[in-house]
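For reference, the structure discussed in these notes is given below.
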């Protein structure tokens, strides 16, 4: 089943990121930074909330993978045909809902496997590979076609992945999953779970701005849409190696080294972007974050699985904290009008958070 999940994740993320990788640059011609922040928050905040609520909805995870991914498509069509702020925010809520169903259901199968770290790495790496390929294909395509055509093509690819997952899983005899929401809420209050959640939140703060405001900075310093595409590819350039090797290593020697690493590198990414004057330094920041992004998700998912035996709940908790981190970072940009200063703020928070790793034993 992990192979099916990996293929589906690749296609879904390829299609979605043909939109997400470039939509901030596309929208910046008509919306302010605060409005762009609102569009992204309309995705990530519901993502966080529905990561909790969807626990009570998921019965057949393989069906929810297809349904969740299909919920991305209204946003992708609307941004191509009628990109008004109101429509984007409303359809963005559907993306957040769909993302929670998609990723939590995928996490269920990942954490049901015997080698959780390795399986988490394969899944994260496949999703990241789709995202990176979208950067290169999208950047090149935009030199020849309009944004709208690219976005509609992305919707078609995503829906292909959704349908393929359904067809490959048709007739599966999975046991129906039943999860009590009250049990999940009690897990959220567990001390060890809160520790891992805090470290996940602080370790991936750059995530929320990596595809929202870094592309705008790239354009502002003279970059082209192809440069934006190359940057989004660098976000996953090390993902496959880091995911598989990092996951296997955490299975053997523990999780703490991973949290130290991601916090320091996440801070460095923010500082680099805040002072960048050319696209090459942006590429360096993206390459560093490719390490941070996948290792954070891999270590967090594997760590959560050590304490939370219910696979759906473990995946939901990780997504809850990751999407909260993205929302927080986007709020910083919504409050501070300067395009560079928020990166410094996020960087200092990430750097200061390393002090917690030693104090919070994981």
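The values are calculated or read from the model by the stated rules, or taken from the named source; none is laboratory data. Bear in mind the structure is a predicted one, so any value in this text is a computation, not a measurement. Glycine also receives a Cβ, built like all others from the backbone with ideal geometry; neighbour counts cover every protein chain displayed.
Residue-level analysis places residue 102 among those that are under 18 Å from residue 7 (Cα atoms), crowded, with 24+ Cβ neighbours inside 10 Å and modelled with pLDDT of 80 or more. It is to be established whether one or more residues within segment 2-20 are outside any loop (DSSP other than H, G, I, E, B) and over 24 Å from residue 133 (Cβ atoms). No, every residue in segment 2-20 fails to be outside any loop (DSSP other than H, G, I, E, B) and over 24 Å from residue 133 (Cβ atoms).
Considering segment 125-171, and only residues there that are outside any helix (DSSP H, G or I) and modelled with pLDDT of 90 or more, the residue that is surrounded by the fewest Cβ atoms within 10 Å (Cβ to Cβ) turns out to be 144. Against the conditions (1) without any contact (Cβ under 8 Å) to a residue 12 or more places away in the chain; (2) assigned to a helix (DSSP H, G or I), residue 29 satisfies every one except (2).
Quick check: anything in segment 287-302 at pLDDT 90 or above, more than 16 Å from residue 202 (Cβ to Cβ) and surrounded by 23 or more Cβ atoms within 10 Å (Cβ to Cβ)? Among the residues of segment 287-302, not one is at pLDDT 90 or above, more than 16 Å from residue 202 (Cβ to Cβ) and surrounded by 23 or more Cβ atoms within 10 Å (Cβ to Cβ), which makes the answer no.
None of 93, 79, 122 is surrounded by fewer than 24 Cβ atoms within 10 Å (Cβ to Cβ), in a helix (DSSP H, G or I) and modelled with pLDDT of 95 or more except 93. Put simply, of 10, 22 the only residue that is crowded, with 24+ Cβ neighbours inside 10 Å and either within 30 Å of residue 222 (Cα to Cα) or touching a helix residue (DSSP H, G or I) at 6+ places or on another chain (Cβ under 6 Å) (or both) is 22.
For segment 184-226, filtered to residues that are under 20 Å from residue 150 (Cα atoms) and more than 21 Å from the chain's Cα centre (by Cα), the residue that is surrounded by the fewest Cβ atoms within 10 Å (Cβ to Cβ) is 224. Selection over segment 42-76 of residues that are surrounded by fewer than 19 Cβ atoms within 10 Å (Cβ to Cβ) and at pLDDT 95 or above gives a count of 1. Give me the pairs: first residue in segment 8-19 and closer than 17 Å to residue 149 by Cα, second residue not in a helix (DSSP H, G or I), beta-carbon distance under 7 Å, and six or more apart or on different chains, which are they? Short answer, once both residue conditions are applied: 16/72. Considering segment 339-362, the residues that are touching a helix residue (DSSP H, G or I) at 6+ places or on another chain (Cβ under 9 Å) and loosely packed, with under 14 Cβ neighbours inside 10 Å include one that is modelled with the lowest pLDDT, namely 361. With respect to (1) within 23 Å of residue 213 (Cβ to Cβ); (2) assigned to a helix (DSSP H, G or I); (3) free of Cβ contacts under 8 Å to residues at least 24 places away in the same chain, the lone exception for residue 46 is condition (3).
Inclusion of residue 223 among residues that are touching a helix residue (DSSP H, G or I) at 6+ places or on another chain (Cβ under 7 Å), modelled with pLDDT of 80 or more and not in a helix (DSSP H, G or I) is warranted. Taken as a whole, the condition of being in a helix (DSSP H, G or I), surrounded by 22 or more Cβ atoms within 10 Å (Cβ to Cβ), in contact with a helix residue (DSSP H, G or I) (Cβ under 7 Å, 6 or more places away or on another chain) and modelled with pLDDT of 95 or more applies to residue 39.
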